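The values are calculated or read from the model by the stated rules, or taken from the named source; none is laboratory data. All of these numbers come straight from a predicted model, not from anything done at the bench. As a convention, Cβ positions derive from the backbone with ideal geometry for all residues, glycine included, and neighbour counts pool all protein chains shown. Just the protein is used for accessible areas: all its heavy atoms, side chains included, with ligands, DNA and RNA removed. Shrake-Rupley method; radii C 1.70, N 1.55, O 1.52, S 1.80 Å.
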Amino acid sequence: MDLNKNLEKYADLIVRIGLNLHAGDNLAIRLSEHSLPLARLVAKKAYQAGVGDIQLMFNDDVITLDRFLEAPAESFETYPEYLVDFTEKLFLDNHHVLSIIAPNPDLLKPADPARIAQWQKVAGMASKRTMKYTMQNKVKWCIVAVACPAWAEAAFPGMPEEEAMQKLWENIFLATRIDQEDPIAAWEEHDSRLKAHRKFLNEARFDRVHYKGPGTDLMVGLVKNHIWEGGCGFSEAGDRFFPNIPTEEVFSMPDADRVDGTLRATMPLSVRGQLVDDFHFTFKDGAVVDYDAAVGKQILDDLLKTDEGAKHLGEIALVADNSPISNTGVLFKSTLFDENASCHFALGAAYSENLEGATERSEEENRKLGMNDSVIHVDFMVGSKDVTVTGIKADGTEVVLLQDGEWMI
Ligand code: ZN
Ligand code: ZN
């Protein structure tokens with residue numbers, strides 16, 4: 001594998017397909033030390049594509065962890081308003097946003113979970129104003145990932161660092177189709193396949209979806225006038241972009257008040273730098289009424305307590321088992337990758353693009369229609385070869401959507 005050549009192709013894919021940058025656009029890049037080589041390539045190509053201004057928003061894992069361990073307690077009680085103002089000003093000035101993550105699934109393990117939960121809540125509340133720019137696709141946004149030693153160690157425990165890094169990069173390039181001769185053509189083809197599933201689901205007008213598998217028997221109502229999305233999205237200005245690279249999901253909006261039954265997660269969940277494993281939820285009338293986890297139960301306790309919406313679902317996503325990501329057989333321990341290898345749900349905020357007319361109604365009106373609202377949006381995986389997913393129409397007609405991990409439609 002030629003890392004430099006692949007990074008060039010990766011940057012190209014991000015600029016042309018991920019964010020579809022062109023003259024008149026500006027760009028904000030969220031990055032860390034590990035993201036720099038890719039960020040530099042992206043920036044160069046972005047300027048060449050006509051981007052006028054690029055702002056860097058830098059984060060460092062070591063400093064982040066030290067803050068949670070050492071900073072005074074009161075500094076976690078308020079979020080600097082000027083940071084929210086700054087981000088909003090960037091969006092209003094036509095900055096689109098690229099997040100180049102280098103996940104460390106265990107980063108905050110030594111930190112106090114209560115402090116993490118509090119900060120999540122404070123930062124989430126303060127950022128609501130800016131979160132809507134991405135949740136409503138007002139701007140173009142894209143999340144991609146790069147390898148880093150901590151992530152490589154989590155994904156390939158026990159392997160020597162250099163070898164693990166190499167293996168992680170290879171799998172990132174497989175999952176993102178960068179390994180293919182022409183990744184851009186591969187993405188166009190992939191997009192049209194996702195669109196075909198999307199079209200079928202949108203025309204079927206299912207009332208609810210049933211999940212059946214080991215430890216899972218769950219009925220999830222869909223909001224009326226829901227929209228299945230998948231593949232590219234479109235910004236407010238009508239520009240095509242891909243919010244996630246990779247993406248394999250076709251997703252819609254569950255009715256936050258019509259979810260009943262039990263589901264068992266099929267993969268561990270890395271949330272806020274902490275791992276939860278071997279867990280299940282029981283829902284009644286849309287709310288989580290019972291749950292347990294063999295690892296990280298306290299993290300779920302805090303998560304579900306964040307606000308009322310944290311106990312309800314905001315996303316239902318269907319993913320086939322036969323995809324470049326699944327076929328790697330790697331448990332990445334990063335949501336961006338693992339959620340695209342498995343059917344999943346999210347607890348918390350729903351995406352307005354999944355409900356007709358959502359952006360024209362108030363939050364309260366949307367909530368009455370079943371659209372969940374929360375400061376969190378946390379995806380967790382429920383799919384596997386053993387889980388059958390069936391769409392059910394209002395008249396009771398049933399259509400098997402996924403069986404043995406494969407699309408049946
Ligand atoms: Zn999703
Ligand atoms: Zn999600």
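Give all pairs with beta carbons closer than 7 Å in which a residue from segment 361-384 that is outside the structural domain of A341 (by TED's automatic domain parsing) meets a residue that is part of a strand (DSSP E or B) and within 16 Å of ligand 2 (Cβ to nearest atom); count only pairs at least 6 apart in sequence or on separate chains.
Here the result reads none, with nothing in segment 361-384 linked to a residue that is part of a strand (DSSP E or B) and within 16 Å of ligand 2 (Cβ to nearest atom).
Within segment 358-376, track down each residue that is under 18 Å from A346 (Cα atoms) and outside any loop (DSSP other than H, G, I, E, B).
N366, R367
Residues of segment 212-254 being open to solvent by 10 Å² or more (accessible area, probe 1.4 Å), more than 16 Å from ligand 1 (Cβ to nearest atom) and in the same structural domain as F283 (by TED's automatic domain parsing), which ones?
K212, G213, P214, G215, D217, M219, K224, N225
Do we have any residue at all in segment 283-297 that's in a loop (DSSP other than H, G, I, E, B), within 16 Å of ligand 1 (Cβ to nearest atom) and open to solvent by less than 30 Å² (accessible area, probe 1.4 Å)?
Checked against the condition, which is being in a loop (DSSP other than H, G, I, E, B), within 16 Å of ligand 1 (Cβ to nearest atom) and open to solvent by less than 30 Å² (accessible area, probe 1.4 Å), segment 283-297 yields no hits at all.
Going through segment 14-58 one residue at a time, which ones are of a type in the set (A, V, I, L, M, F, W, C), touching a residue at least 60 places away in the same chain (Cβ under 8 Å) and under 18 Å from A102 (Cα atoms)?
I14, A28, I29, L31, L38, A39
Looking at segment 341-350, can you tell me whether even one residue there is away from ligand 1 (no atom under 16 Å from the Cβ) and not assigned by TED's automatic domain parsing to the domain that holds M125?
Scanning segment 341-350 turns up no residue that is away from ligand 1 (no atom under 16 Å from the Cβ) and not assigned by TED's automatic domain parsing to the domain that holds M125.
Test each condition in (1) more than 14 Å from ligand 1 (Cβ to nearest atom); (2) modelled with pLDDT of 90 or more; (3) on the phi < 0 side of the Ramachandran plot; (4) open to solvent by 10 Å² or more (accessible area, probe 1.4 Å) for L355 and report the one that comes out false.
Unmet condition: (4).
Of everything in segment 340-377 that's more than 26 Å from E236 (Cβ to Cβ) and in contact with a helix residue (DSSP H, G or I) (Cβ under 9 Å, 6 or more places away or on another chain), which residue is farthest from ligand 2 (Cβ to nearest atom)?
A341
Can you pull out every residue in segment 321-333 that is within 16 Å of ligand 1 (Cβ to nearest atom) and open to solvent by 10 Å² or more (accessible area, probe 1.4 Å)?
Within segment 321-333, D321, S326 qualify.
Within segment 316-329, can one find any residue that is among the acidic types (D, E), assigned to a loop (DSSP other than H, G, I, E, B) and more than 21 Å from N372 (Cα to Cα)?
yes
Might you check whether a residue that is in contact with a Phe, Trp or Tyr (Cβ under 6 Å, 6 or more places away or on another chain) and of a type in the set (S, T, N, Q) occurs anywhere in segment 42-59?
Among the residues of segment 42-59, not one is in contact with a Phe, Trp or Tyr (Cβ under 6 Å, 6 or more places away or on another chain) and of a type in the set (S, T, N, Q), which makes the answer no.
Quick check on segment 375-396. Is at least one of its residues within 16 Å of ligand 1 (Cβ to nearest atom) and open to solvent by 30 Å² or more (accessible area, probe 1.4 Å)?
Yes, the conditions are met somewhere in segment 375-396.
Tally the residues that are on the phi < 0 side of the Ramachandran plot, surrounded by fewer than 17 Cβ atoms within 10 Å (Cβ to Cβ), modelled with pLDDT of 95 or more and out of contact with any Phe, Trp or Tyr (no Cβ under 8 Å at 6 or more places or on another chain), restricting the search to segment 84-109.
Adding up the residues that qualify gives 5.
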